[in-house]
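Before any comments, here is the structure.
Values quoted throughout were computed directly from the atomic coordinates according to the rules given, and no laboratory measurement underlies them. Bear in mind that the values here come from a model prediction, so they are computed numbers and not experimental data. Please note: Cβ atoms are built from the backbone with ideal geometry, for glycine as well, and neighbour counts cover all protein chains shown.
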There are 2 protein chains.
Amino acid sequence: MANALTALADPTRRRIFEMVADRPCAVGEIAAELPVTRPAVSQHLKVLRLAGLVREQRRGTRHIYRLDPAGLDDVRAYFDAFSERSLTSFKEAVEHSVIGDRDDNEEEEEES
Amino acid sequence: MANALTALADPTRRRIFEMVADRPCAVGEIAAELPVTRPAVSQHLKVLRLAGLVREQRRGTRHIYRLDPAGLDDVRAYFDAFSERSLTSFKEAVEHSVIGDRDDNEEEEEES
DNA sequence: ACTAACTGTAAGTTAACACTAACGCTACGC
DNA sequence: GCGTAGCGTTAGTGTTAACTTACAGTTAGT
């Protein structure tokens with residue numbers, strides 16, 4: 001799962017993952033829609049595959065890649081655990097009134 | 001949300017995020033438990049904060065960081081969308097029997 | 001067998017980034 | 001006031017990694 005997050009960190013690799021998640025794709029197909037060469041896509045797919053996010057299926061000379069639901073579920077479970085933890089810690093915080101008694105600082109931010 | 005994934009790619013930053021998610025922490029506390037210097041932790045926290053994953057709250061000279069549930073929810077929503085999509089595409093695949101008619105290749109892998 | 005189609009791999013380059021050391025800043029205690 | 005505690009920031013460095021080019025391998029068609 002650790003590798004899955006590093007794999008999805010790169011924007012290009014994330015676009016590849018999204019394409020493959022939408023529908024099974026061959027390497028050439030993906031490269032045709034991205035501003036990188038085909039070998040680059042091949043390397044990215046290897047990373048995604050080793051991370052357990054993608055599965056390969058050879059059809060003649062074409063290598064078809066599709067989403068691996070298992071890897072995706074691992075990532076989801078990782079973040080779901082944080083959500084549960086944040087709920088309980090929020091409950092405790094309210095009970096002990098640790099939060100809400102002062103929180104005054106804003107600054108640069110981004111992405112809604 | 002894009003920045004959130006790149007933020008969580010680094011192992012050190014991920015450990016910091018996990019610590020802060022578990023309970024609110026000051027910068028020095030975090031640095032004490034990690035094999036990096038305090039400025040490094042400070043830089044990592046800035047990245048996490050700009051990614052919307054963490055919130056800052058100044059208590060005197062101490063800067064307390066805690067999880068930002070909103071940023072976490074964004075990440076969860078991102079992956080949840082893929083899960084839904086993979087379910088529908090799996091349904092279509094079964095109906096058209098696109099999968100299950102040949103898939104024979106194994107190789108090196110890792111992480112169960 | 002030869003060619004074409006499709007892909008993976010190796011080597012090398014360049015930009016990004018995680019880190020440390022040094023410095024500057026703000027809040028609290030004396 | 002002065003000193004201390006706790007952080008953030010800057011500049012500089014070393015390493016990682018994403019990319020391209022060139023090459024090698026496998027499959028299908030003639």
- Task: Working only within the stretch A:8-34, note down all residues that are under 21 Å from B:Ala4 (Cβ atoms), within 11 Å of DNA strand C (Cβ to nearest atom) and loosely packed, with under 15 Cβ neighbours inside 10 Å.
- Result: A:Pro11
- Task: Only one of these is surrounded by 15 or more Cβ atoms within 10 Å (Cβ to Cβ), under 30 Å from A:Asp22 (Cβ atoms), among the basic types (Lys, Arg) and facing another protein chain (nearest Cβ under 10 Å): B:Arg66, B:Arg76, B:Arg55. Name it.
- Result: B:Arg76
- Residue count, the stretch B:15-54 (criterion: away from DNA strand D (no atom under 12 Å from the Cβ), in contact with a helix residue (DSSP H, G or I) (Cβ under 7 Å, 6 or more places away or on another chain) and assigned to a helix (DSSP H, G or I)): 4
- Scan of the stretch B:35-63 for residues that are within 13 Å of DNA strand C (Cβ to nearest atom) and among the β-branched types (Val, Ile, Thr), ordered by number: B:Val36, B:Thr37, B:Val41, B:Val47, B:Thr61
- Note on the structure: Scanning the stretch A:34-52 for residues that are within 30 Å of B:Val20 (Cα to Cα) and more than 10 Å from chain B (Cβ to nearest Cβ) gives A:Val47, A:Leu48
- Counting only residues that are of a type in the set (D, E, K, R) and away from chain B (no Cβ under 12 Å), how many does the stretch A:1-33 have? 2
